[in-house]
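The values are calculated or read from the model by the stated rules, or taken from the named source; none is laboratory data. Keep in mind it's a predicted model, so treat the numbers as computed, not measured. We place every Cβ from the backbone using ideal geometry, glycine too, and count neighbours over all the protein chains shown.
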Amino acid sequence: MKKQYKYLALALLTGVFIFSSCSGKKNTGAYSSGTLEATEVLISSQTTGTIVQLPIEEGQLVTAGQTLAVVDSEKIVLQKRQIGAGLEELILNIKNAQRMVILAQDNLDNTQKKYDRVKALLADESTTQQNYDDIETALKAAKTQFLNAQTSYDALKAKEKQVAAQLALVNQQLADTKIVTPVSGAIVEKYVEQGELARPGGPIALIADLTKMTIKFYITEADFGHVKIGGAARLETGLKPAQSFTGTITWISPKAEFTPKNVQTKEARAELVYAVKVVVENPDGVLKIGMPADVYVD
């Protein structure tokens, strides 16, 4: 069992550069090594179609909102024209239905007035019961005519909302034929070529945000006193002339890695390691993905 711990500790020291105090110096700080990384965003297609334009290459810098690819939109354009024509026809029918509602309303109002007069005359015995029955029937017919006209109008308006929603969907599908990047950065990898078929969810390109870089290293439990969230860290790379970069500790793993959870001995606890992340501003793009760097924490 002890041999396994020794082999594990040796692997950690050589593979992930365990965070340790500077050799031969007073224990006022510590250092480690790691590899620079960047936040990567995978850009995918939202629609199906042949890629007709692909004005990008790997390594190219792009800005947020820039078009990465254009998918053939001919079928969608034709569908939009068809829906648009149907919507125009529907609008004309709605105008006719609206006129019918107005006409039915006027007829209902006039019939109501006649009914009120005949009813009053009948009360004074100045007209016959037949005249009253006739106008009462006419009033019911006018009310029904108005309700029918109003229902037809409401149905057409509901249909208009449905067609408008279809048109909005087609417009969104048309917009999706232009695949744009939501972030600025460098194109790390291109997954398609012009003339190939794009599919919903299919990857187009991988973009890395190079304005901020991250580096992950590991510390032992004994080195916890050297790091804290928001603390400063200094990075040095192999760039010539030599440059130093200041970063900020943004994350410390709450649990150990690479060791069994049930280890409880004091010797084994010394071998537990915890991941730490540092974020470094990179406005000039000097730092690159995969670049090794030494991390110093005072």
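Would you be able to say whether some residue in region 187-208 is assigned to a helix (DSSP H, G or I) and of a type in the set (Asp, Glu)? Don't jump to the end; show me each part of the working.
We begin by selecting, within region 187-208, every residue assigned to a helix (DSSP H, G or I); these are none.
No: zero hits.
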Matching residues in region 108-129 (under 26 Å from ASN148 (Cα atoms) and among the β-branched types (Val, Ile, Thr)) number 2
Looking at (1) part of a helix (DSSP H, G or I); (2) free of Cβ contacts under 8 Å to residues at least 12 places away in the same chain; (3) farther than 21 Å from VAL163 by Cβ, can you tell me which one ALA104 breaks? (2)
Hey, could you check region 205-237 for residues that are among the aliphatic types (A, V, I, L, M) and touching a Leu at 6+ places or on another chain (Cβ under 6 Å) and say which is farthest from THR35 (Cα to Cα)? ALA205
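Identify the residue in region 129-174 that is among the acidic types (Asp, Glu) and more than 46 Å from the chain's Cα centre (by Cα) and, among all such residues, is farthest from GLU89 (Cα to Cα). Explain how you work it out, then say what you get.
Residues of region 129-174 that are among the acidic types (Asp, Glu), as a first pass: 133-134, 136, 154, 160.
Within this subset, residues satisfying the condition of being more than 46 Å from the chain's Cα centre (by Cα) are 133-134, 136.
On the way: ASP133: 42, ASP134: 40, GLU136: 38 Å.
Ranking the candidates gives ASP133 first.
Just checking, how many residues over region 64-82 are in a strand (DSSP E or B) and either within 17 Å of ALA168 (Cα to Cα) or not hydroxyl-bearing (Ser, Thr, Tyr) (or both)?
So the first thing to find is which residues in region 64-82 are in a strand (DSSP E or B), and the list is 67-71.
After this cut, where a residue has to be either within 17 Å of ALA168 (Cα to Cα) or not hydroxyl-bearing (Ser, Thr, Tyr) (or both) as well, the list is 68-71.
Here the count works out to 4.
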Checking LEU42 against (1) among the hydrophobic types (A, V, I, L, M, F, W, C); (2) modelled with pLDDT of 95 or more; (3) touching a strand residue (DSSP E or B) at 6+ places or on another chain (Cβ under 9 Å); (4) crowded, with 17+ Cβ neighbours inside 10 Å, which test does it fail? (4)
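Out of curiosity, is LEU206 surrounded by 15 or more Cβ atoms within 10 Å (Cβ to Cβ) and within 30 Å of ASN93 (Cα to Cα)?
So LEU206 does not fit the description; no.
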